[in-house]
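See below for the structure under consideration.
Please treat every number below as a calculation from the coordinates, not as lab data. A quick note: this is a predicted structure, and the numbers were derived from the prediction, not measured. Reconstructed Cβ throughout: ideal geometry from the backbone, glycine too, with neighbour counts over all protein chains shown.
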Ligand SMILES: Nc1nc2c(ncn2[C@@H]2O[C@H](COP(=O)(O)OP(=O)(O)OP(=O)(O)O)[C@@H](O)[C@H]2O)c(=O)[nH]1
Ligand SMILES: [Mg+2]
């Protein structure tokens with residue numbers, strides 16, 4: 001398993017979600033909000049202070065970097 | 001009686017649809033989590049009486065937050081005949097699985113694909129018939145906001161209402177495992193029935209966010225906008241207030257006084273100078289409050305609240321809260337009660353309780369009335385807005401101090417993930433509805449505890465017989481003497497202390513009580529106030545009012561939401577002590593400096 005995650009991406013970069021490393025409840029939550037395995041995520045905003053803005057399909061989410069770090073992505077893209 | 005439940009993800013337009021279907025005024029806003037409780041209305045559909053229920057949004061059928069719990073409890077314990085699943089047409093890839101979950105339960109929901117206007121603009125085409133054929137349940141495209149396709153939905157619901165089966169969804173937990181399968185099914189369906197541009201660009205929204213979410217300019221712009229809102233309330237509100245005061249005064253002069261002139265003096269004093277003037281003075285603030293809520297409604301419906309959460313999250317994180325907590329503080333500027341209930345979207349109890357501990361310090365519109373009243377009476381026109389601004393700063397500072405102090409005890413690692421909806425133009429009807437809501441809210445309060453409070457204050461300040469009204473010897477002044485040791489050090493006079501007692505119930509009473517106590521109004525009352533407090537005392541008094549406790553309803557809501565006497569008790573004890581200490585430091589400090 002590699003440890004590349006969503007928080008590593010820069011603005012405008014995209015990658016496929018490969019899994020979520022979090023306790024069951026949290027994982028369930030993140031998935032149901034759109035962060036599902038196999039979906040492509042793109043970073044829209046990533047200010048130095050403050051949360052990131054992520055687009056997954058048609059959904060725009062804001063999330064803390066700490067939580068984005070729980071979303072594993074495939075490398076290479 | 002048949003029952004129709006409206007379900008769907010947060011912010012998909014459930015309440016908008018509910019309002020259109022039933023003619024009610026469920027609160028609508030471009031923020032996920034506006035509705036956090038059940039709301040039902042009765043209508044006749046296809047010749048049958050139907051109870052329609054507007055529910056909070058859910059992300060899936062096994063959510064754990066308090067608002068999602070409300071939905072589950074409802075669906076599991078109340079038989080429903082029809083289910084309308086509202087989906088956002090621009091996010092079917094994300095939302096269709098929820099509808100499929102309901103299909104899987106065997107309930108044959110009506111799938112209502114809403115916001116078709118936005119989908120059209122984005123170039124999304126949806127084949128509802130194909131979806132319907134595959135799923136075996138009715139699928140409709142509509143715009144709840146503009147009414148497109150609404151009549152078809154209504155007819156379709158009416159056509160099915162009589163054959164629908166009546167059943168609770170008690171086996172909801174069983175569908176926990178089928179998720180991946182459902183998502184695959186959903187993706188396949190979308191591949192067949194939906195055509196969309198490969199990348200959806202929210203052009204307008206992106207352009208606005210480019211400015212409003214700017215890494216450097218974002219926060220200053222936010223504060224500038226807040227400032228403009230309050231400036232508008234203040235400058236537009238004043239004249240409006242004068243108009244109402246003028247009308248009420250004229251009504252008294254033309255109709256009431258001639259009528260009441262025959263009454264015995266004591267009764268006249270009670271009815272006119274106590275009750276009518278007291279309530280009237282409170283009522284003169286209603287336009288200010290409505291104006292305030294108009295502006296709040298515009299902000300809420302625009303989608304800017306989610307941006308406020310984005311901008312403030314890193315600051316809030318430092319205090320153990322998150323961006324949603326900040327938005328609840330903002331909502332608290334209107335009224336603390338819905339803001340407290342709004343924390344239901346938080347799943348961690350610690351985070352929720354910490355937010356609920358902080359929200360009561362948010363300077364609500366009722367306290368704003370008191371402050372406008374006092375600042376107008378005691379400060380110059382130049383000073384008054386500055387003093388008000390200072391009170392808002394104090395409100396924020398107390399909230400932040402509280403969060404910082406209690407943050408260690410209420411630690412949570414709840415993820416902060418929030419949907420960022422597109423900007424939407426506020427709907428005039430929605431904004432007006434909100435204003436109307438506030439008027440009726442005021443009338444309800446006025447007819448219950450504002451009247452009761454004003455009557456009680458009048459009695460306390462006019463009896464026992466033979467005492468000087470509002471002066472020595474009355475019950476009120478006895479109570480004032482009794483509270484003197486506590487209130488003297490913070491510069492609050494005995495006459496004002498009874499008012500504080502009633503202000504505990506609701507802040508509007510404070511203004512009404514001053515009128516009832518003195519039998520004065522308008523300029524005369526302002527004159528009286530200057531004899532009761534100088535500007536230093538006035539600020540100390542206002543700080544105390546700001547912090548000691550918002551009102552009884554807030555306290556009751558804190559209890560019902562936390563279901564903990566201990567939490568409610570701690571919150572009350574903390575706010576009382578903080579109020580006293582802050583006023584003490586301010587008052588004694590200012591006096592020591594010679595003010
Ligand atoms: N463009 C467009 N906007 C809509 C439509 N229906 C609702 N909206 C807007 O979507 C936002 C959310 O509407 P609500 O009715 O509050 O949504 P809800 O599903 O009740 O949301 P929660 O109570 O938070 O779960 C509001 O800003 C509405 O004005 C529609 O058909 N078209
Ligand atoms: Mg709603």
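Overall size of the stretch B:339-388 from C-alpha positions, given as principal axis extents largest first: 47, 15, 12 Å.
Within 10 Å of the Cβ of each residue in B:184-191, the mean number of Cβ atoms contributed by other protein chains is 1. With a 10 Å cut-off around each Cβ of A:61-70, the average count of Cβ atoms from other chains is 4. I need to check one value: relative contact order of the stretch B:461-558, counting alpha carbon pairs closer than 8 Å and at least 6 residues apart, in percent. Reported relative contact order: 25 percent.
When only Cα pairs below 8 angstrom with a gap of at least 6 residues are kept, the stretch B:2-195 shows a relative contact order of 24 percent. The percentage of C-alpha pairs in the stretch B:397-473 whose separation is greater than 17 Å is 76%.
Cβ crowding within 10 Å, taken as a proxy for footprinting-reagent exposure, orders B:90, A:18 from fewest neighbours to most as A:18, B:90. Spread over its residues, the convex hull of the C-alpha atoms of the stretch B:381-440 is 204 Å³ per residue.
Taking other Cβ atoms within 10 Å as a rough exposure proxy, B:380, B:536 sort from fewest to most as B:380, B:536.
Spin-label model, residue B:585 to residue B:120: label points 7 Å out along the Cα-to-beta-carbon direction sit 5.8 nm apart. In units of the rule-of-thumb radius 2.2 N^0.38 Å, the stretch B:2-195 shows an alpha carbon radius of gyration of 0.94.
Rounded to the nearest Å, what's the spacing between the alpha carbon centres of the stretch B:136-151 and the stretch B:353-419? Just the number, please. After rounding, the separation between the Cα centres reads 42 Å. Cα centroids of the stretch B:546-595 and the stretch B:272-298: 25 Å apart.
Normalising the average separation of contacting C-alpha pairs (under 8 angstrom, six or more residues apart) by the number of residues puts the relative contact order of chain B at 13 percent. Scattering from the stretch B:261-417 was approximated by placing one identical point on each alpha carbon and applying the Debye formula without solvent; log10 I(q)/I(0) at 0.20 1/Å stands at -1.23. DSSP finds beta bridges in the stretch B:2-195, and of those with both partners inside it, around 35 percent are antiparallel. Listing B:179, B:117, B:67 from fewest to most neighbouring C-beta atoms within 10 Å gives B:117, B:179, B:67. For the residues of A:34-42, the average number of beta carbons from a partner chain within 10 Å of their own beta carbon is 3. Working note: Debye formula, equal point scatterers on the alpha-carbon atoms of chain B, no solvent; log10 I(q)/I(0) at q = 0.07, 0.12 Å⁻¹ is -0.50, -1.20. The three principal axes of the C-alpha atoms in the stretch B:448-566 carry coordinate ranges of 46, 31, 29 Å, sorted with the longest axis first.
Only helices enter the 222 nm calculation for chain B: every DSSP H run of n ≥ 4 contributes -39,500 (n - 2.57), and dividing by all residues gives -19000 deg cm²/dmol, rounded to 500.
DSSP bridge analysis restricted to the protein assembly as shown gives an antiparallel fraction near 60%, rounded to the nearest 5. For the protein assembly as shown, the convex hull drawn through the C-alpha positions has a volume of 173 cubic angstrom per residue.
Extension gain, residue B:155 to residue B:260: 0.36 nm times the residue separation minus the Cα-Cα distance gives 32.1 nm. Solvent-free Debye calculation, one equal scatterer per alpha-carbon of the stretch A:6-74: log10 I(q)/I(0) at 0.25 Å⁻¹ equals -1.14.
Computed over the stretch B:430-493, the quotient of the alpha carbon radius of gyration and 2.2 N^0.38 Å is 1.65.
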